[in-house]
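Below you'll find the structure, written out as structure tokens, and then a few comments.
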Amino acid sequence: RTTMKSLRFISAEAFVSNAEFARKSLGAVAHDLFPLLFKASYLLEQGEVIHDLVENWPLFDFNMGKLLGATLDYQEDLSHRTCSVCLESCLTGLRDYVLNQSSPYMKKLKVVDLTGIKDVEFQFCKCKKTMGRWARTQLLSKLCSELLVYLQQAQRNPGTFEISINVLIDLFVTERNYELVVQALLKKCSCPLKICCVAFRSDNLTLQKFFYIIKLTDPFLLRKLEIVHNVHLEMEHLEILFNSIHFPLLMSLTLPARTFNVQRFTATDEQMLSNIGEKMGEMTQLTELSMSFSILTGRIQKLLSPLKTPLKMLDVSNCYLNHADMAYLANSFHANHLEALDLSGHDIPELYPSTFFKLLSHCSSVLRSLTLEDCNIRDTHVNMLILGLSPCQKLQEFKFIGNPLSSQALKHLFAFLCELPMLKNVEFPVPRDCYPIGITYPIDDASLCRFDHQKYERVAEELNLILLQANREDVKASTPLFGSYDAAVQETNNELGAYLIKSFKETLEKFTTSFNKMS
């Protein structure tokens with residue numbers, strides 16, 4: 001698909017394509033052309049030109065999302081291109097903006113916004129090297145620390161220290177870049193580039209380090225908090241977090257697996273859960289909540305009823321919800337506002353079919369994403385599912401991996417899915433008839449790939465043909481057996497793997513020690 005370019009944009013491409021000429025001529029370029037030249041340079045991956053444009057940036061703000069987004073001159077959105085060459089040139093250009101005393105432009109820059117960059121699975125840049133969220137966190141922290149050291153050693157012009165630029169960024173911190181980020185945050189007051197954390201994700205961190213760094217990020221500005229893999233946060237730690245730190249602007253909260261476990265609740269735990277609910281109720285901006293793989297049976301109302309703002313996104317996958325939980329969700333004020341809902345891991349047809357469809361009908365006018373993985377949806381339930389999904393005319397994404405559906409049932413379902421006008425992404429299961437007879441659901445990891453791959457390919461072709469014949473080439477249908485793409489996990493999978501091996505080894509050593517003592 002070719003995107004139309006204006007004559008201005010074509011001229012900008014011609015100008016930046018000769019890097020040497022463009023860099024020499026920047027001094028004669030009008031201020032209002034810098035954004036146009038930046039996008040043209042980014043498209044052509046002209047790293048040196050990008051560096052010099054940022055180093056001499058003549059405007060008050062530098063917003064990556066707006067600069068790379070759809071513009072009148074070039075409609076294509078480039079914000080999903082996390083090209084390493086371009087982003088490194090951008091950030092080093094920002095450092096040199098502070099250091100460059102000979103720039104012909106007055107230094108007006110006050111705000112740099114890096115939050116509009118989107119990490120996606122497939123990159124279209126020529127270099128094929130990406131700079132993900134973790135690497136951007138690492139590089140910016142490194143540049144801030146180096147900048148401060150250089151300014152102190154070189155005793156630069158006092159004017160350099162008067163420069164104060166707020167750099168808005170989504171930080172991603174793990175054990176490996178923790179020290180570097182902490183140093184940058186500690187020296188924030190002295191550094192001309194001031195890291196302003198808008199969203200924070202942490203993986204592979206001890207609780208002590210997590211609590212220390214979260215206080216340094218200025219939680220009052222935080223809009224999104226993700227505590228995901230290998231941060232052993234349990235309910236009592238969450239209560240301490242909410243009691244000691246206020247998050248007035250927090251809109252999105254993701255908690256790690258097993259934060260809650262009601263199976264071992266005492267009266268004290270019940271009170272603790274109520275306190276956490278009340279604290280979340282004080283977060284008046286909170287509209288997205290993810291707490292998958294916790295055991296929350298019968299406690300959803302206690303946790304969610306104090307919220308004063310309706311949730312737009314709720315992920316309670318594999319949370320062992322019972323009928324009372326589902327009834328609360330279906331009748332709560334959240335139901336009419338849910339744009340994204342994940343109920344994976346619950347036997348919906350067996351446990352609460354009518355209550356689930358009531359919930360679906362309440363959110364149908366706004367629902368954009370629905371995930372029902374491993375929900376025991378069988379061929380006999382497909383007609384009912386179609387009936388429930390029919391009003392969901394804004395649905396863009398439907399994921400239902402891991403359900404025991406036959407090829408025939410999938411074809412029937414796909415024929416209906418073609419009618420949903422906004423649908424863009426479907427994740428469907430390997431048909432039950434591709435597996436050996438007698439396979440049990442949910443399928444364990446060892447058996448997941450033991451299916452007739454040739455038969456699956458034939459069925460997948462037929463399903464895509466249904467989409468094609470309905471003129472729905474815009475719908476992407478796939479079967480990601482091991483879960484959807486996660487940019488953060490992809491970027492740090494080596495560290496995550498090493499951490500898991502270390503944890504397994506430590507557990508094994510403890511078990512061996514205990515066993516030897518018993519012997």
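Looking at (1) under 23 Å from ASN322 (Cβ atoms); (2) modelled with pLDDT of 95 or more; (3) open to solvent by 70 Å² or more (accessible area, probe 1.4 Å), can you tell me which one ILE276 breaks?
Unmet for ILE276, out of (1) under 23 Å from ASN322 (Cβ atoms); (2) modelled with pLDDT of 95 or more; (3) open to solvent by 70 Å² or more (accessible area, probe 1.4 Å): (3).
Can you find, within segment 255-264, the residue that is farthest from LEU225 (Cα to Cα) among those that are touching a residue at least 24 places away in the same chain (Cβ under 8 Å) and open to solvent by 40 Å² or more (accessible area, probe 1.4 Å)? Let's see the steps before the verdict.
First, the residues of segment 255-264 that are touching a residue at least 24 places away in the same chain (Cβ under 8 Å): 255-263.
Still in the running and open to solvent by 40 Å² or more (accessible area, probe 1.4 Å): 257-258, 263.
Working: ALA257: 15, ARG258: 17, GLN263: 26 Å.
If we take residues in segment 255-264 being touching a residue at least 24 places away in the same chain (Cβ under 8 Å) and open to solvent by 40 Å² or more (accessible area, probe 1.4 Å), then GLN263 is farthest from LEU225 (Cα to Cα).
PRO442: part of a loop (DSSP other than H, G, I, E, B), open to solvent by less than 10 Å² (accessible area, probe 1.4 Å) and under 17 Å from PRO349 (Cβ atoms), yes or no?
No, not satisfied.
When both residues are 6+ apart or on different chains and their Cβ atoms are under 7 Å apart, which pairs have a first residue that lies in segment 310-334 and is assigned by the TED database to the domain that holds LYS224, and a second that is among the aromatic types (Phe, Trp, Tyr) and at pLDDT below 95?
Sorted first by the residue in segment 310-334, then by its partner, the pairs are HIS323/TYR352; MET326/TYR352.
Of the residues that make up segment 129-139, is at least one β-branched (Val, Ile, Thr), within 21 Å of TYR485 (Cβ to Cβ) and touching a strand residue (DSSP E or B) at 6+ places or on another chain (Cβ under 8 Å)? Break it down into steps so the answer makes sense when it comes.
Going through segment 129-139, the residues β-branched (Val, Ile, Thr) turn out to be 130, 137.
Subsequent filtering for residues that are within 21 Å of TYR485 (Cβ to Cβ) retains 130, 137.
The next check asks that each one be touching a strand residue (DSSP E or B) at 6+ places or on another chain (Cβ under 8 Å); those that pass are 130, 137.
Yes: one or more hits.
Could you check segment 1-17 and list, in sequence order, the residues that are open to solvent by 80 Å² or more (accessible area, probe 1.4 Å) and at pLDDT 95 or above?
So the first thing to find is which residues in segment 1-17 are open to solvent by 80 Å² or more (accessible area, probe 1.4 Å), and the list is 1-2, 4, 7-8, 10.
The answer is LEU7, ARG8, ILE10.
Kindly establish whether ASN471 is closer than 30 Å to LYS358 by Cα and not small (Gly, Ala, Ser).
On the way: closer than 30 Å to LYS358 by Cα: no; not small (Gly, Ala, Ser): yes.
No: the conditions fail for ASN471.
Would segment 163-173 turn up any residue that is assigned to a helix (DSSP H, G or I) and within 27 Å of GLN101 (Cα to Cα)? Outline the logic, then answer.
Within segment 163-173, the subset assigned to a helix (DSSP H, G or I) is none.
No, segment 163-173 contains no residue that is assigned to a helix (DSSP H, G or I) and within 27 Å of GLN101 (Cα to Cα).
Take PHE21 and decide whether it is without any contact (Cβ under 8 Å) to a residue 60 or more places away in the chain, more than 18 Å from MET131 (Cα to Cα) and assigned to a helix (DSSP H, G or I).
On the way: without any contact (Cβ under 8 Å) to a residue 60 or more places away in the chain: yes; more than 18 Å from MET131 (Cα to Cα): yes; assigned to a helix (DSSP H, G or I): yes.
Taking the combined requirement at face value, the residue satisfies it.
Residues are listed down the side, and each one gets a yes or a no for (1) over 14 Å from GLU55 (Cα atoms); (2) open to solvent by less than 40 Å² (accessible area, probe 1.4 Å):
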residue: LYS66; (1), (2): yes, no
residue: THR82; (1), (2): yes, yes
residue: LEU94; (1), (2): no, yes
residue: GLN101; (1), (2): no, no
residue: ARG136; (1), (2): yes, yes
residue: SER141; (1), (2): yes, yes
residue: LEU151; (1), (2): yes, yes
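I'm told CYS449 meets every condition in (1) surrounded by 14 or more Cβ atoms within 10 Å (Cβ to Cβ); (2) touching a Leu at 6+ places or on another chain (Cβ under 8 Å); (3) not polar (S, T, N, Q) except one. Can you identify the failing condition by its number?
(1)
Out of the residues in segment 248-271 meeting the condition of being assigned to a helix (DSSP H, G or I) and among the polar types (S, T, N, Q), tell me which one is farthest from ASP342 (Cα to Cα).
Of the residues in segment 248-271, the ones assigned to a helix (DSSP H, G or I) are 262-264, 267-271.
Now drop any that are not among the polar types (S, T, N, Q), which leaves 263, 268, 271.
Values: GLN263: 22, THR268: 29, GLN271: 27 Å.
So, considering only residues that are assigned to a helix (DSSP H, G or I) and among the polar types (S, T, N, Q), the one farthest from ASP342 (Cα to Cα) is THR268.
State yes or no: is PHE333 open to solvent by 30 Å² or more (accessible area, probe 1.4 Å), at pLDDT 95 or above, of a type outside the set (D, E, K, R) and assigned to a loop (DSSP other than H, G, I, E, B)?
Numbers: open to solvent by 30 Å² or more (accessible area, probe 1.4 Å): yes; at pLDDT 95 or above: yes; of a type outside the set (D, E, K, R): yes; assigned to a loop (DSSP other than H, G, I, E, B): yes.
Judged against the criteria, PHE333 is a match.
What is the residue count in segment 216-245 for residues that are in a loop (DSSP other than H, G, I, E, B) and either closer than 22 Å to THR287 by Cα or open to solvent by 60 Å² or more (accessible area, probe 1.4 Å) (or both)? Explain how you work it out, then say what you get.
Going through segment 216-245, the residues in a loop (DSSP other than H, G, I, E, B) turn out to be 217-218, 222-223, 228-234, 245.
Narrowing further to those that are either closer than 22 Å to THR287 by Cα or open to solvent by 60 Å² or more (accessible area, probe 1.4 Å) (or both): 217-218, 222-223, 228-229, 232-234, 245.
Residues that pass the stated criteria total 10.
Which ones in segment 184-215 are of a type outside the set (Lys, Arg), buried (at least 16 other Cβ atoms within 10 Å of the Cβ) and assigned to a helix (DSSP H, G or I)? Please lay out each step first, then the result.
As a first pass, look at segment 184-215 and keep what is of a type outside the set (Lys, Arg): 184-186, 189-193, 195-200, 202-208, 210-214.
Now restrict to residues that are buried (at least 16 other Cβ atoms within 10 Å of the Cβ): 184-185, 191-193, 195-200, 202-205, 210-211, 213-214.
Answer for segment 184-215, where residues must be of a type outside the set (Lys, Arg), buried (at least 16 other Cβ atoms within 10 Å of the Cβ) and assigned to a helix (DSSP H, G or I): ALA184, LEU185, PHE210, PHE211, ILE213, ILE214.
In the list SER292, SER274, which residue meets the criterion of being in contact (Cβ under 8 Å) with a residue 40 or more places away in the chain and not in a strand (DSSP E or B)?
Working: SER274 fails: in contact (Cβ under 8 Å) with a residue 40 or more places away in the chain.
Every option except SER292 fails the conditions.
Can you name the helices (runs of 4 or more DSSP H) wholly within segment 27-136 that have at least 2 residues being under 23 Å from ARG201 (Cβ atoms) and free of Cβ contacts under 8 Å to residues at least 60 places away in the same chain? Lay out the reasoning, then the answer.
Working: elements: 34-43, 47-55, 64-68, 84-99.
By residue number, 64-68, 84-99.
The values are calculated or read from the model by the stated rules, or taken from the named source; none is laboratory data. Only a predicted model underlies this, so the values are computations on that prediction, with no experimental measurement involved. FYI the Cβ positions are ideal-geometry reconstructions off the backbone, even for glycines, and counts take in every protein chain you see. Calculation scope for accessible area: heavy atoms of the full protein, side chains included, ligands and nucleic acids excluded. Shrake-Rupley method; radii C 1.70, N 1.55, O 1.52, S 1.80 Å.
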